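The values are calculated or read from the model by the stated rules, or taken from the named source; none is laboratory data. All values derive from a computational prediction rather than experimental measurement. We place every Cβ from the backbone using ideal geometry, glycine too, and count neighbours over all the protein chains shown. Side chains included, ligands, DNA and RNA excluded: accessible areas come from the protein's heavy atoms. Shrake-Rupley method; radii C 1.70, N 1.55, O 1.52, S 1.80 Å.
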Amino acid sequence: MNIQLTALHYVYLAFIVLIIAVMIRRRDTTIICVAGIMTIGLLATETLSGSVAGIFSSFIYATKELLSTIFIISIIVAMSRVLIRTGINEVMVTPVTRFIRSPQVAYWGIGLIMMVVSLFFWPSPAVALVGAVLLPVAVRVGLPPIGAAIAMNLFGHGIALSGDYIIQGAPKLTADAAGLPVTSVMTASIPLVIVMGTVSTLTAFWMLRKEMKSGSPVHSPNVTSGTVNTEPSSSSKAVSTSQPGNLPVERQVMSPRLKKAFALLIPLLFAVDVILMFVLKLQGGDATALIGGTAVVILIAVTLAAHRHAGTEETTNYLIEGFQFGFKVFGPVIPIAAFFYLGDAAITELFINPLPEGSHGIVNDLGVALAGLVPLNDTVGAITMTVTGAVTGMDGSGFSGISLVGSIASMFAGSADSAPVLTALGQVAAIWVGGGTLIPWALIPAAAICGVNPFELARRNLKPVLLGLTVTTIVAIFLI
């Protein structure tokens, strides 16, 4: 599989290295990403006007790709506002608090529940379900919001999504590309997913616990603090409270009986959503849409009950607060996502196809080129599959490059037994990197629900995930 690399490929790779270096130094990368978009646009169009126009076009493309995530986060936040102001959230979580009594239990409890829900419905809708219910409990017993976000990330976007044993979207893509039965890839991935999940979650927990014991701040810089209009509404009665993520709100008094009724009804409605997802086989965007629609219905019902005659106006106010939150959180992310989307399908959509014939996108071409630079044997192949999978995951999708991973695995396999292991290894690496544990815009759902900075969350996930990938690669070499 010979791919001709052009100046576009090398420039894109250079900017990736620069962006990663800047992220490690915890500096903002927006200007660098815009410069990268301009440079790629200039090479693609060979005109300054096309390069400048490409900046805006790439922003629009990134916004369209992220819009469903922005909306679900905004709506969940709007719903959570009214639940917090009425005190319904406290009544809802009271039964759970009997089981979650320490930060340790909160970390593992949130993680395991997130993993189970994600196996059936994928992580995006799972984040909304798990975060809305369990985050207040976790914070109350001493687990920082960043700890809850790490747990949801690693267990949901990491363990559950990389195995994908129920929905089987990931193993089917990689297995088809490698010419293998889906069951063989799934079977081969089991020990790899277990090792990867165990190493990364234990390492993250150890690091978090060490920080908590040392007394160093574990609350990451909060991108949402102070960004949402939290002035009391005209009909609110001023009983001050606060929300995870340091977002002050005003308490709206509601009768205990009505709070209990809503506290029972709301989990029941979400439970019905879960049943409908299973019965109707709703996945991904469809599942997220069902949860989002349910959240809107809950928002309207609770607001009308709490604010009575001012309910119609207050419903709009809550929605405004939610969308202010969503777009302010995503503001710094859109330029970065815009650059990385150029590594996949965006470049051919935004510019007249500037890539050579047979290209599968800049990122995938780089993965193929990397595979062509190393000798064909199982040990080197395992290392190459991990690196290739990670590279293809850098567009923030996790799924866009796993078909390529399967194709490359079939080339490196020295025997029929090693092919499933290599395929599964590449799948695990691609999804752990791109599916929502290291790429900031891919892990925004968990970061936004927990009210933490997505870039800080990515930074904290970096060491556990890299250590996990290293150990998993070593295990894969022995399995081969």
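A few notes on this one:
- Relative contact order (%) - criterion: Cα under 8 Å, at least six apart; region: the chain: 25 percent
- Phe71-Ser214 pseudo-label distance in nm [points 7 Å out on the Cα-to-Cβ vector]: 4.4 nm
- Computed over the alpha-carbon pairs of the stretch 59-210, the distance histogram in 10 Å steps reads 11, 32, 33, 19, 5, 0 percent, short to long.
- Computed with the Debye formula from one identical point scatterer per Cα of the stretch 3-87, without solvent, the log10 of I(q)/I(0) at q = 0.12, 0.14, 0.27 Å⁻¹ comes to -0.55, -0.67, -1.19.
- C-alpha center-to-center spacing [the stretch 84-158, the stretch 273-324] in angstrom: 19 Å
- Using the Cβ-Cβ distance between Lys281 and Ala310 with R0 set to 35 Å, the FRET efficiency works out to roughly 0.30.
- Helix-only mean residue ellipticity at 222 nm for the chain, each DSSP H run of n ≥ 4 adding -39500 (n - 2.57), per residue, nearest 500: -23500 deg cm²/dmol
- Given in Å, the Rg to one decimal and the Dmax to the nearest whole number for the Cα atoms of the chain are 22.9, 73.
- When nucleic acids and ligands are ignored and a 1.4 Å probe is applied, Lys213 ends up with an accessible area of around 150 Å².
- The order of the peptides 335-341, 135-141 by mean Cβ neighbours within 10 Å, most packed first, is 335-341, 135-141.
- Fraction of accessible area attributable to carbon and sulfur, the chain (%, probe 1.4 Å): 66 percent
- Using only side-chain charges placed at the Cβ, +1 for Lys and Arg and -1 for Asp and Glu, the dipole size of the chain relative to its Cα centre rounds to 1900 debye.
- If you count Lys pairs in the chain whose Cα atoms are under 26 Å apart, skipping same-chain pairs closer than 8 places in sequence, the total is 7.
- A protection proxy built from the mean count of other Cβ atoms within 10 Å ranks the segments 451-464, 193-206, most packed first, as 451-464, 193-206.
- Ligands, DNA and RNA excluded, the heavy atoms of Val52 present near 80 Å² of accessible surface to a 1.4 Å solvent probe.
- Sequence ranges 144-154, 85-95, 41-51, 27-37, ranked by mean other-Cβ count within 10 angstrom, highest first: 144-154, 85-95, 27-37, 41-51
- Solvent-accessible area of Glu211 with every protein chain in place, 1.4 Å probe, in Å² to the nearest 10: 50 Å²
- Heavy atoms of the protein chains alone define the surface here; on that basis the chain has 41 Å² accessible area per residue at 1.4 Å probe size.
- Mean separation of Cα contacts under 8 Å, 6 or more apart, over the residue count of the stretch 50-160: relative contact order %: 30 percent
- Computed over protein heavy atoms with a 1.4 angstrom probe, the accessible surface ordering of Trp432, Trp108, largest first, is Trp108, Trp432.
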